[in-house]
1. Read through the list (1) more than 11 Å from DNA strand D (Cβ to nearest atom); (2) facing another protein chain (nearest Cβ under 10 Å); (3) farther than 17 Å from B:K3 by Cβ, then give the number of the only condition that A:S37 fails.
2. Can you name the condition, by its number, that A:I112 falls short on among (1) closer than 25 Å to A:A38 by Cα; (2) touching a residue at least 12 places away in the same chain (Cβ under 8 Å)?
3. As an exercise: evaluate B:A157 against (1) away from DNA strand C (no atom under 16 Å from the Cβ); (2) at the interface with chain A (Cβ under 9 Å from one of its Cβ atoms); (3) part of a helix (DSSP H, G or I); (4) surrounded by 14 or more Cβ atoms within 10 Å (Cβ to Cβ) and give the number of the one condition it does not meet.
4. For B:A125, indicate whether it is under 18 Å from the mean Cα position of the chain (by Cα), surrounded by 13 or more Cβ atoms within 10 Å (Cβ to Cβ) and of a type outside the set (D, E, K, R).
5. Name the pairs whose Cβ atoms lie under 7 Å apart, with the first residue in the stretch A:84-103 and free of Cβ contacts under 8 Å to residues at least 12 places away in the same chain, the second assigned to a strand (DSSP E or B) and near DNA strand D (Cβ under 7 Å from one of its atoms), and 6 or more positions between them or separate chains?
6. Out of curiosity, is B:L121 away from DNA strand C (no atom under 12 Å from the Cβ) and closer than 16 Å to B:S50 by Cβ?
There are 2 protein chains.
Amino acid sequence: MDKVDRILAQWRRERPDLDVTQMGVIGRIGRLRSHLSAAHERVFKKYDLSLASFDVLATLRRSGPPYALSPSELIDWTMVTSGTMTNRLDRLEKAGLITRQRNPEDGRGFVIALTDKGFELIDAAVTEHVANQHQMLEALSAEELEQLDSLLRKWLAAMNSAENSEDS
Amino acid sequence: MDKVDRILAQWRRERPDLDVTQMGVIGRIGRLRSHLSAAHERVFKKYDLSLASFDVLATLRRSGPPYALSPSELIDWTMVTSGTMTNRLDRLEKAGLITRQRNPEDGRGFVIALTDKGFELIDAAVTEHVANQHQMLEALSAEELEQLDSLLRKWLAAMNSAENSEDS
DNA sequence: TGAATATATCTTGATGTCAAGATAAATGGA
DNA sequence: TCCATTTATCTTGACATCAAGATATATTCA
């Protein structure tokens, strides 16, 4: 009987006309996300990073040499708006972790690249980040992990296609 | 091969020394949460509510008669900081959805109560909210839903106890 | 009783986010 | 060629959130 269960019990008492079966799963996803973010941020802080800045640096790092992408490509990967990305890049540029140069092939665009300092920082941070993620999932066996991944993958695929069919 | 898989593939190419097995599950949790929040907000907007205000009103509503709690109790249920709760209550009070009166039994505290308008609004909103949640999980069978719930519950319990043992 | 401590809530300042609109450059057709 | 449209990015303004500190009241215990 965790907090989510108590919430469901309250709804069943107050609104017996509602079927709150799915609320449990959805509520647990949200609470898990909070815990995961908090745990992630504890590591990020050691490197003077936020989730926002880690997200950008990691995207550049894993894109491979020359560790450079356009703001638009970064927006696609990170799923934030252009205004948010501008703000993130401003901070990272000020911190000396990225450079922002006009794209010589497209006057509208920019090229965002990791500096040496940015590369070293994100490489160290991601190493600890991955170790941290291992710890977070210690409670589940390899089998359970795979089961969970497959269920989440199926659900996510369905949500993605619902989202897309909505646009039309 | 969804976006999360592509991220893992990039890391495996760039940092073959890291084992990113758990990153998939964690990444999918995050992406799912984004989708779920967006879908929730579409319903909330119809009632001129945000996730923040829905959260508070729903907590009051399901607490049962007299639909009144202290700010501290609301903080416990919603897991936000006191500053955030003050801000939420300010808006809800201005909108006429709650009242905020001094607690006659404890001069430091307040009693936050649903107004009639607040009660009617949250009752209508939660009905549609629950129907919306059913739709979001249509892709999974009852069996899969139960499996997923049980895995999430186990993981969440582990994260909760990790959190608590950290305090010491 | 009084002082020290704890509790409840609010205030302040910094971040981070989005939606909508502005600006500038590129592109596609007439 | 040149105008209309599209694309890439930045700007602005409104919120929401947190951490840290302020304030007022309660409680504890010497």
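A short reminder: the numbers here are calculations on the coordinates, not readings from a lab. Every value quoted in this text rests on a predicted model; they were computed, and no experiment measured them. Counting neighbours? That spans all protein chains shown, and the Cβs are built from the backbone with ideal geometry, glycine included.
1. Of everything listed in (1) more than 11 Å from DNA strand D (Cβ to nearest atom); (2) facing another protein chain (nearest Cβ under 10 Å); (3) farther than 17 Å from B:K3 by Cβ, A:S37 misses just condition (1).
2. Every condition holds for A:I112 apart from (1).
3. Only one criterion in (1) away from DNA strand C (no atom under 16 Å from the Cβ); (2) at the interface with chain A (Cβ under 9 Å from one of its Cβ atoms); (3) part of a helix (DSSP H, G or I); (4) surrounded by 14 or more Cβ atoms within 10 Å (Cβ to Cβ) is unmet by B:A157, namely (4).
4. Details: under 18 Å from the mean Cα position of the chain (by Cα): yes; surrounded by 13 or more Cβ atoms within 10 Å (Cβ to Cβ): yes; of a type outside the set (D, E, K, R): yes.
It is true that B:A125 is under 18 Å from the mean Cα position of the chain (by Cα), surrounded by 13 or more Cβ atoms within 10 Å (Cβ to Cβ) and of a type outside the set (D, E, K, R).
5. Partner pairs satisfying both residue conditions: A:E93/A:R100; A:R102/A:F110.
6. Values: away from DNA strand C (no atom under 12 Å from the Cβ): yes; closer than 16 Å to B:S50 by Cβ: yes.
Answer is yes for this residue.
Okay, residues lined up against (1) surrounded by 14 or more Cβ atoms within 10 Å (Cβ to Cβ); (2) of a type outside the set (S, T, N, Q); (3) within 8 Å of DNA strand D (Cβ to nearest atom):
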position	(1), (2), (3)
A:W77	yes, yes, no
A:S82	no, no, yes
A:R91	yes, yes, no
A:L97	yes, yes, no
A:G107	no, yes, no
A:K117	no, yes, no
